[in-house]
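The values are calculated or read from the model by the stated rules, or taken from the named source; none is laboratory data. Remember, it's a predicted structure, so these values are computed and weren't measured experimentally. Because the Cβ atoms are built from the backbone with ideal geometry, glycine has one as well, and the counts that use them run over all protein chains shown.
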Amino acid sequence: MKDIHSYWAYLVLAILIFAVANAIIGLTQKKQFTDKDLRIGLFTLILTHIQLLIGLAWYFMSPWFQALKADAGAVMKEPATRLLAVEHPITMILAIVFITIGWSKHKKKTEDAAKFKTFVIFYGIGLLLILSRIPWSNWF
């Protein structure tokens, strides 16, 4: 499960970066918001939600969750364990909440620039949150 979560994360990160870059380009070049842009946003939303489900399943099986249940105080004192047991899961959930809000808000916008701007803001915040709490030492 951990391997699936780790490999899927590369896919999520790639599509999220692509979606934010696409929205920035669409906004700055005053492009029309097309079905392609809609599909990029939707595909990103779907992949992040799948990652959330995989991550939650892995989290509740993980040694970090078991350690948190056994001795939360000790987990909170150790930065590396705290990252994996508390900071990473909470931050990733918040990131996916921002992405979901961005998807919902963009549907209510009528102007192309407003749709792109919504993706830039909310998907961008989600991307920054994800990048801030990826356990980089486990990736390399």
Across the stretch 109-120, the tally of residues that are of a type in the set (Ser, Thr, Tyr), more than 19 Å from the chain's Cα centre (by Cα) and surrounded by 16 or more Cβ atoms within 10 Å (Cβ to Cβ) stands at 0
First in the stretch 57-84 and free of Cβ contacts under 8 Å to residues at least 24 places away in the same chain, second anywhere and surrounded by 12 or more Cβ atoms within 10 Å (Cβ to Cβ) and among the small types (Gly, Ala, Ser), Cβ under 7 Å, 6 or more apart: Trp64/Ala85; Phe65/Ala85; Ala67/Ala85; Leu68/Ala85; Val75/Ala67; Val75/Ala85; Thr81/Ala67
So in the stretch 1-30, with the set limited to residues that are out of contact with any helix residue (DSSP H, G or I) (no Cβ under 7 Å at 6 or more places or on another chain) and either of a type in the set (D, E, K, R) or modelled with pLDDT under 95 (or both), which one is nearest to Gly55 (Cα to Cα)? Ser6
Residue pairs within 9 Å by beta carbon, gap of at least six or interchain, first lying in the stretch 121-134 and surrounded by 21 or more Cβ atoms within 10 Å (Cβ to Cβ), second basic (Lys, Arg), listed first then second, are Phe122/Lys105
Could you tell me how many of the residues in the stretch 37-55 are free of Cβ contacts under 8 Å to residues at least 60 places away in the same chain and more than 13 Å from the chain's Cα centre (by Cα)? 3
Members of the stretch 78-106 found to be at pLDDT 95 or above and either more than 16 Å from the chain's Cα centre (by Cα) or in a loop (DSSP other than H, G, I, E, B) (or both), listed by number: Lys105, His106
